[in-house]
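The values are calculated or read from the model by the stated rules, or taken from the named source; none is laboratory data. Just so you know, these numbers come straight off a predicted model, no measurement behind them. Positions of Cβ are generated from backbone atoms using ideal geometry, with glycine treated the same way; all protein chains shown enter the neighbour counts. Surface accessibility is based on the protein's heavy atoms, side chains included, excluding ligands, DNA and RNA. Shrake-Rupley method; radii C 1.70, N 1.55, O 1.52, S 1.80 Å.
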Amino acid sequence: MLECEICQVKLKNPLMLAAGIMGSNASSLNWILRSGAGAVICKSFSKEANPGYHNPTTVEVTGGILNAIGLSSPGVDVFKQELEQVEPLPDQASIASIYGATPEEFSSLAMDVEDLVSMIELNVSCPHAMEGYGASIGEDPVLTSKVVSAVCESVDIPVIVKLTPNVTDIRVIAKSAEEAGADCLSLINSLGPGMKIDIVTGRPILKNQFGGMSGPAIKPIAVRCVYDVYQTVDIPVIGVGGISNYEDVVEFLYAGASAVQIGTSIMNEGVEIFTKISEGLEAFMNEYNFNSISEMVGYGHKD
């Protein structure tokens, strides 16, 4: 009942581990797979090693967390060793999240790991990335198009593009990614940047001063973005942002998502959240007479 298909990749359920949470090594990714996820997305990595920002890099705020990791990465050569050890079952998938500063970097990275994963997700939308990376690409439809086109021309596996909500109209960016060859879109990346100040010291808590907001508070924005983009493109959409229970998943599916990614809530609920949501979602489908996930996708757009 929960089975779904994204870009001809079959999954046991529509629940994916979002990039950035428990995705730095093979043991964590395998743990998530064995805990019931349909797919896992590794932490975003780059061609060369990147130390990221100094601690503190995360801080809890009302409704979620702010994080400014700075896209820390050990580099592709190290990360390939981890990806080689990820062991999805036939009805699961592993996905590589990559980032770079130029279309050439993205393309080279994608080719480096193409044989190790089922799909590739392009992180062009991080709001706290170090200079030259992140949202500066995803905020520009021309730059987005160049990156997506370069990668899609270089690899034969499906390419997902992760979009930022920090734009005037996310539909414009979505359409540019689709026209450049993207097979799928995931939205949204973290919101912001935002800031939290220590009222005793008077200083920003994060070492980088500002960071991206994730967690339940951004879910309504993410649902609206999925709803809008579903009406704009003809490729699958993956919903991300603030999912912590099966009701949240249903909202995203109704808005037009074909699958969802779960991240921040794992910090509070543990890896058991995948089984908990799967069981709740299946019970909901039985109660409301849905026979498949595909029947629910875009249900909120029906007259």
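Of the helices (runs of 4 or more DSSP H) lying entirely inside segment 10-113, those carrying at least 1 residues that are within 16 Å of the chain's Cα centre (by Cα) and modelled with pLDDT of 95 or more are 26-34. What are the residues in segment 70-85 that are within 28 Å of residue 195 (Cα to Cα) and either surrounded by fewer than 21 Cβ atoms within 10 Å (Cβ to Cβ) or in contact (Cβ under 8 Å) with a residue 60 or more places away in the chain (or both), if any? Correct list: 70, 71, 72, 74. Scanning segment 262-300 for residues that are under 22 Å from residue 236 (Cα atoms), open to solvent by 30 Å² or more (accessible area, probe 1.4 Å) and not in a loop (DSSP other than H, G, I, E, B) turns up 282, 294, 295, 299, 300. Here residue 251 meets the list (1) outside any loop (DSSP other than H, G, I, E, B); (2) closer than 30 Å to residue 51 by Cα; (3) of a type outside the set (A, V, I, L, M) almost entirely, failing just condition (2).
For segment 19-63, give me each residue that is under 18 Å from residue 185 (Cβ atoms) and either open to solvent by 10 Å² or more (accessible area, probe 1.4 Å) or among the polar types (S, T, N, Q) (or both).
Residues satisfying the conditions are 19, 20, 44.
Among residues of segment 234-250 that are within 19 Å of residue 278 (Cβ to Cβ), those with a Cβ under 9 angstrom from a residue that is open to solvent by 30 Å² or more (accessible area, probe 1.4 Å) and of a type in the set (S, T, N, Q), sequence gap 6+ or separate chain, pair up as 244/268. Contact annotation: residue pairs with Cβ atoms under 7 Å, 6 or more positions apart or on different chains, pairing a residue in segment 46-61 that is closer than 18 Å to residue 212 by Cα and touching a residue at least 24 places away in the same chain (Cβ under 8 Å) with a partner that is open to solvent by 100 Å² or more (accessible area, probe 1.4 Å) and part of a loop (DSSP other than H, G, I, E, B), are 53/207; 54/207; 55/207; 56/207; 57/207.
Looking only at helices (runs of 4 or more DSSP H) that lie completely in segment 123-224, which have at least 3 residues being modelled with pLDDT of 95 or more and surrounded by 24 or more Cβ atoms within 10 Å (Cβ to Cβ)? Lay out the reasoning, then the answer.
On the way: elements: 135-138, 141-152, 170-179.
Output list reads 141-152, 170-179.
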